Structure formats: structure tokens, C-alpha cells
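Colleague: Can you read through this structure? Questions will come right after.
Bear in mind that the values in this text are calculations on the coordinates, not laboratory data. From a predicted model like this one, the values you see are computed outputs, not experimental measurements.
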Amino acid sequence: MPGVQLTLAEASNVLCPYIGEDHPHAIIKALHIEPAGTRRLGKRGRPHDTYDYPTLLRLHAAISQFLT
């Protein structure tokens, strides 16, 4: 059973404390974390990358101590 996948914009809205979309994007790029898939959001252009929610939670937990 596949897990929940979120775009970085969606994840930034549900993670607490709030982090902007740019921060996790920069960290994911630096750590070479591969997206779990892609999803079209009903707009023109390329689809947005999606990431597994548990992966995003672990990433958020690791950086949240530096956000306060």
C-alpha cells in the first residue's frame, strides 16, 4: 500500500512549526532526496514532485530545532 505523498507546498501548510516551501526544497536538493512521484495540479506546465509524508516528517523533525 503506497503512503501519502505531498508536494512541498502542501507539506509546508501542514507541518508545525511552519516552514516555507523554499527551505525543504533546498534541503531535499542538498541531500539528493528523490521524489516519490509527480502530480499535476490542474495548471499548465510540468507536474510537481511529490514526497512521502513520513520522509517529510523526519526531515522536518531534524530541522525544526533550528526554526525557533
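Colleague: Could you work out how far helix 53-64 tilts from the main Cα principal axis of the chain, as a 0 to 90 degree angle to the nearest 10?
Modeller: That works out to roughly 30 degrees.
Colleague: Any chance you could run the full-extension gain for Val4 through Ala62? It's 0.36 nm times the residue separation minus the Cα-Cα distance, nm to one decimal. Walk me through the intermediate numbers first.
Modeller: Details: separation 58, 0.36 × 58 = 20.88 nm, distance 1.98 nm.
Separation in residues times 0.36 nm, less the Cα-Cα distance, equals 18.9 nm.
Colleague: Please list, in chain and number order, the residues 5+ apart from Ala36 or on another chain whose amide H is under 5 Å from its amide H, with Hs placed from the backbone.
Modeller: Amide H neighbours of Ala36: Thr50, Tyr51, Asp52.
Colleague: Let me ask something else. Helix 22-31 versus the longest principal axis of the chain: what is the Cα-based angle in degrees, 0 to 90, to the nearest 10?
Modeller: The two axes meet at around 90 degrees.
Colleague: Next up: Can you give the Rg to Rh ratio of the chain, both from alpha-carbon atoms, with Rh computed by the Kirkwood formula?
Modeller: 0.96
Colleague: Let me ask another. So what is the calculated 222 nm ellipticity per residue for the chain, using -39500 (n - 2.57) for each DSSP H run with n of 4 or more, over all residues, to the nearest 500 deg cm²/dmol?
Modeller: -12500 deg cm²/dmol
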